[in-house]
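*Asks:* So that we are looking at the same thing, I have put the structure below in structure tokens.
Bear in mind that the values in this text are calculations on the coordinates, not laboratory data. Because the structure is predicted, anything quoted here is derived from the model rather than measured. Every residue, glycine among them, receives a Cβ derived from its backbone with ideal geometry; neighbour counts consider all protein chains shown.
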Ligand code: PGA
């Protein structure tokens, strides 16, 4: 059995001024002290990455961007490349978040171009999948998740190998920012399905090592029961990552 180190990741979305972002990460850094048994990741807006990097101890808090373009450089007005993210101090990048998929028409094919570019650069992708309420109610959850995994991770399927550092996140769209969390059982059912997909697509060693985070209204009062499930390895947190108290509480509750 592999021990998977839990990860608590904060997706700040399009929130916080530059000063607020720096203050938040400083408060998180002092609040968590010397954590060693949980990995902490924050994903500020692009414009705040370098300043946040400057304000944290890189051995304690990893830095992610919330999106990237798949080309290295070129005439792509308004876009940011993975290499630029690395120059800003990012080690990780969130890809295929449901807000990108639904509000910006990002398909799984596009997500895969980004996953491929991130891997080429050595940026660790945090690849999100999740079903809408409609899809759940019409009992299409597993079909939707399988298709998102197949297409979003197509390059790894072609290579017949997925780096074990890859992070997946299951975020039911109906639970994001709504206050409705999936029950631990509902989440575990999908996490287990994802782990089986990894095993069947790659191998059992990869399935045992890849971390699968849950996201969707994770709060200090529900994180423990979610994390108690065998296939839930951490949380991707939106709202509760914007306040140092709640984010630090989420991180600290991993130690118990
Ligand atoms: P939430 O967002 O915690 O505010 O529901 C989660 C996410 O979108 O990653």
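*Asks:* Among the residues of region 94-135, what is the count of those that are within 16 Å of the ligand (Cβ to nearest atom) and either in contact (Cβ under 8 Å) with a residue 40 or more places away in the chain or part of a loop (DSSP other than H, G, I, E, B) (or both)?
*Replies:* Matching residues across region 94-135 total 19.
*Asks:* Suppose we filter 235, 169, 207, 187 for residues that are within 16 Å of the ligand (Cβ to nearest atom), crowded, with 18+ Cβ neighbours inside 10 Å, within 18 Å of the chain's Cα centre (by Cα) and part of a helix (DSSP H, G or I); which single one remains?
*Replies:* Answer to the check: 187.
*Asks:* Next up: Here is a list: 154, 221. Which entry is out of contact with any strand residue (DSSP E or B) (no Cβ under 6 Å at 6 or more places or on another chain) and closer than 22 Å to residue 107 by Cα?
*Replies:* Residue meeting the stated conditions: 154.
*Asks:* If we keep just the residues of region 35-52 that are farther than 21 Å from residue 235 by Cβ and surrounded by 19 or more Cβ atoms within 10 Å (Cβ to Cβ), which is nearest to the chain's Cα centre (by Cα)?
*Replies:* This residue is 49.
*Asks:* For region 76-84, indicate whether the set of residues that are more than 22 Å from residue 40 (Cβ to Cβ), in contact with a helix residue (DSSP H, G or I) (Cβ under 7 Å, 6 or more places away or on another chain) and either buried (at least 16 other Cβ atoms within 10 Å of the Cβ) or in contact (Cβ under 8 Å) with a residue 12 or more places away in the chain (or both) is non-empty.
*Replies:* yes
*Asks:* Read through the list (1) within 22 Å of residue 70 (Cα to Cα); (2) surrounded by fewer than 15 Cβ atoms within 10 Å (Cβ to Cβ), then give the number of the only condition that residue 151 fails.
*Replies:* All conditions are met except number (2).
*Asks:* In region 241-256, which residue that is touching a residue at least 40 places away in the same chain (Cβ under 8 Å) and in contact with a helix residue (DSSP H, G or I) (Cβ under 6 Å, 6 or more places away or on another chain) is nearest to the ligand (Cβ to nearest atom)?
*Replies:* Selected residue: 241.
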